[in-house]
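Asks: One structure coming up, written as structure tokens, with questions to follow.
The values are calculated or read from the model by the stated rules, or taken from the named source; none is laboratory data. Here the structure is a predicted model, which means the values were calculated and not measured. Every residue, glycine among them, receives a Cβ derived from its backbone with ideal geometry; neighbour counts consider all protein chains shown. Only protein heavy atoms, including side chains, enter the accessible area calculation; ligands, DNA and RNA are left aside. Shrake-Rupley method; radii C 1.70, N 1.55, O 1.52, S 1.80 Å.
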Amino acid sequence: MNKYKLFFTFLKISTLTLGGGYAMVPIIEREIIKKNVIQKDDFDILFSKAQSAPGPIAINTAFMVGMKLSGAFLGLFYVLAVFIPPFLAISLIASLIKRYADLTYVQYFLEGIRVGISVILINFLFGLIKKFKYLEFLFLLIGFLLIHLVKISSIYTLLIVTFLYFIFTLKRKNDS
Amino acid sequence: MIAKLFLIFLKIGFFSYGGGWSSLSIIKDELVNVYKLISLKEFLDMVSIAEITPGPIAVNLATYIGIKYASFIGGFFATLGLILPGIIILILLETLLSFLSKKYNLEKFYKSLKVGVSVLVLYATYLMLTSAIIDIKSLIIFTLLLVLIFVKKEIHPLIIVFSGGLGLLLIKMI
């Protein structure tokens, strides 16, 4: 398998996958392993690295596949493949939205989708907090109050909760 | 304007840990509350549209805002800003990770980050739920979908198109 041909694999996956980055990663994994480019274990490591950096997960995963095979240049090449389809799609849609977004039927459709997204989010949230104990739930609650009632912006809430939890668990470990 | 868009999304990109769903809450805060580039309704519409178009949601939103304010160049640079921090950090991590993880307890840091990210996902869930479930129709769709994922135990990506279709279908019934 020519590693430059993988560009088209990423292009295809990015074009055909609806539902954002988390829907894309399992398909990337399947295709990459099927083509025998990277083994399952290596992909798992690479994916956990991709998750440890900020930014869209599908973009980071594509970049890490390129990094693994050859280096940053190939990584950027794959990122371009993931980037092109949504860029074209939104370019087309941006002008349409102004004209059609407020039509009743479009609004009903978008409202339906919003319910779908809520369900996906609930499912995703449960996955995240599955292993939480009472301490984590306490921080989750405090964080939610900060963001929702005190109206602290999401970025600061993220920093505050992460930092406080880090300090708190660090101290507890030292005490015991 | 192009430089401003680039910097706004660079900031969003830098803090968007945990993928698209947690960055929704950050994007909403920065674009709707802080910089007032779009209204809450436009944001919600765009999130729905991003779900039925190719590519990561955050990328779709960055491209849309960029194009809205500074045409295609704006769309390009907004998206570039969004993905650049992650790529730079990944390159740094690849070269420094073995050294860093020996010296510091990174696992603990990532665990803390996960708690922080969960807060953002919880808030995004709250935001979506309260704007999605507004009448009996949406409540019916919600219940249907919940039952569906409870039975199927996994979420098919097409559930989004399905729920949009239900949104259309139920107009006439209720």
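Asks: Residues being open to solvent by 70 Å² or more (accessible area, probe 1.4 Å) and farther than 8 Å from B:Phe6 by Cα: count how many of those fall in segment B:66-82.
Replies: 5
Asks: If we scan segment A:111-127, do we find a residue that is without any contact (Cβ under 8 Å) to a residue 40 or more places away in the chain and more than 7 Å from chain B (Cβ to nearest Cβ)?
Replies: Yes, the conditions are met somewhere in segment A:111-127.
Asks: Next up: Take the residues in segment A:19-67 that are assigned to a loop (DSSP other than H, G, I, E, B) and surrounded by fewer than 17 Cβ atoms within 10 Å (Cβ to Cβ); name whichever of them is nearest to the other protein chains (Cβ to nearest Cβ).
Replies: Filtering segment A:19-67 for residues that are assigned to a loop (DSSP other than H, G, I, E, B) and surrounded by fewer than 17 Cβ atoms within 10 Å (Cβ to Cβ), the one nearest to the other protein chains (Cβ to nearest Cβ) comes out as A:Gln39.
Asks: Can you go through A:Lys151, A:Lys131 and tell me which one is more than 30 Å from B:Leu158 (Cα to Cα), more than 8 Å from every other protein chain (Cβ to nearest Cβ) and charged (D, E, K, R)?
Replies: The match here is A:Lys151.
Asks: Just for segment B:84-106: of the residues that are modelled with pLDDT of 80 or more and either away from every other protein chain (no Cβ under 11 Å) or loosely packed, with under 14 Cβ neighbours inside 10 Å (or both), which one is nearest to B:Leu7 (Cα to Cα)?
Replies: B:Leu92
Asks: Tally up the residues in segment B:16-41 that are surrounded by fewer than 20 Cβ atoms within 10 Å (Cβ to Cβ), small (Gly, Ala, Ser) and either in a helix (DSSP H, G or I) or at pLDDT below 90 (or both), please.
Replies: 0
Asks: When segment A:78-103 is examined, which residues are found to be of a type in the set (Phe, Trp, Tyr) and open to solvent by less than 10 Å² (accessible area, probe 1.4 Å)?
Replies: A:Tyr78
Asks: So which residues in segment A:121-149 are out of contact with any helix residue (DSSP H, G or I) (no Cβ under 9 Å at 6 or more places or on another chain) and not in a helix (DSSP H, G or I)?
Replies: Result: A:Lys130, A:Lys131, A:Lys133, A:Leu149.
Asks: Against the definition (modelled with pLDDT under 90, more than 7 Å from chain B (Cβ to nearest Cβ) and open to solvent by less than 60 Å² (accessible area, probe 1.4 Å)), how does A:Val106 come out, yes or no? Write out each step before concluding.
Replies: On the way: modelled with pLDDT under 90: yes; more than 7 Å from chain B (Cβ to nearest Cβ): yes; open to solvent by less than 60 Å² (accessible area, probe 1.4 Å): yes.
When the stated conditions are applied, A:Val106 passes them.
Asks: Another question, then. In segment A:68-77, how many are free of Cβ contacts under 8 Å to residues at least 24 places away in the same chain and open to solvent by 40 Å² or more (accessible area, probe 1.4 Å)?
Replies: Going through segment A:68-77 one residue at a time, the tally reaches 2.
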